[in-house]
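A short write-up of the structure that comes next.
The values are calculated or read from the model by the stated rules, or taken from the named source; none is laboratory data. In this text, all values refer to a predicted model and were calculated from it rather than measured experimentally. A quick note on method: Cβ atoms are made from the backbone with ideal geometry, for glycine too, and the neighbour counts reach across all protein chains shown. To get the accessible areas, we keep the full protein, side chains included, count just its heavy atoms, and leave off ligands, DNA and RNA. Shrake-Rupley method; radii C 1.70, N 1.55, O 1.52, S 1.80 Å.
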Amino acid sequence: TLITAYCVELDKVLIPAVLETSRNLDKMQLIVNSETRNVPRSFTWRLTEMFDIMVANTFFPVIIHQFFIQVYYFMNSRLFNLLLKQPELCTVGFGFRLNYAVSELQAWLAQCRDKDDQYSTLVSKAGEQLGHVRDAANLLVLGKSYFEEENVSNMGNVFPSLSVFAIKQLLDAFLPDELSNERISNAAKRKLETACSKATKPAQLQLDPFSVPQAAIGVFAAKTKQRQPKKYF
């Protein structure tokens, strides 16, 4: 399908950009091929490319909304799953890089809204799909004494997209780096272990990048049905 093919191509840009090893966040970008004289470009250029194509071909705004909500959920899933698959990335430094990526994606949505007010809903709905990666990034950069001092129940309010199992896995994998030499205390680990023993573990922590929660696009599906022309014959 179009969305699958597009996300596969987007993945080739997104992951390398976020894995950029430079410590300077201003350099978290891709160097494109020699045909464009190696000009640095943000990974969001892929989003702009597709958005401009859809607008130029007069796609209904509701279709554009649905498309990019699915794209944003895909990016959220891929970046969150990346942390789960590569625990060595669970550092303060990588948390800041993830936060930078999220801010770029939010800024791109704001640009769409500035072009036309009819895309204002896209800003909120697509932005909501970044919950897992945003919460994971905030967890990594937050002072680790918080997890020893705070009640586990309150952690759900601070990281609403993360289950206690996801919080525990990310903290178990957390590593000190050049930005922070903090470690997770044994008291915090025991607290999370106790909470997990009392909760029902999900079948898996990784997200399905192509399985967008229906609630995210349901409102737009309803609007699409409302706009169907009446049948007189």
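Quick look at the numbers
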item	result
So Leu84, is it under 26 Å from Glu9 (Cβ atoms), part of a helix (DSSP H, G or I), modelled with pLDDT of 90 or more and aliphatic (A, V, I, L, M)	yes
Subset of region 136-145 [farther than 14 Å from Lys189 by Cβ, of a type outside the set (S, T, N, Q) and either surrounded by fewer than 21 Cβ atoms within 10 Å (Cβ to Cβ) or in contact with a strand residue (DSSP E or B) (Cβ under 7 Å, 6 or more places away or on another chain) (or both)]	Val141, Leu142, Gly143
Region 146-170: number of residues that are within 18 Å of Thr194 (Cα to Cα), open to solvent by 60 Å² or more (accessible area, probe 1.4 Å) and in a loop (DSSP other than H, G, I, E, B)	1
Criterion: closer than 24 Å to Ala56 by Cα and assigned to a helix (DSSP H, G or I) - qualifying residue of Ala110, Ala101, Ala136	Ala110
Any hit, region 176-184, residues being part of a loop (DSSP other than H, G, I, E, B) and in contact with a Ser or Thr (Cβ under 7 Å, 6 or more places away or on another chain)	no
Checklist (1) of a type in the set (A, V, I, L, M, F, W, C); (2) more than 19 Å from Ile15 (Cβ to Cβ); (3) touching a residue at least 40 places away in the same chain (Cβ under 8 Å) applied to Ala56, failing item	(3)
Region 1-15, residues that are touching a residue at least 24 places away in the same chain (Cβ under 8 Å) and either open to solvent by less than 60 Å² (accessible area, probe 1.4 Å) or outside any helix (DSSP H, G or I) (or both)	Ile3, Thr4, Tyr6, Cys7, Leu10, Asp11, Val13, Leu14, Ile15
Given (1) modelled with pLDDT under 95; (2) among the aliphatic types (A, V, I, L, M); (3) closer than 25 Å to Thr44 by Cβ; (4) open to solvent by less than 30 Å² (accessible area, probe 1.4 Å), number of the condition Ala107 does not satisfy	(4)
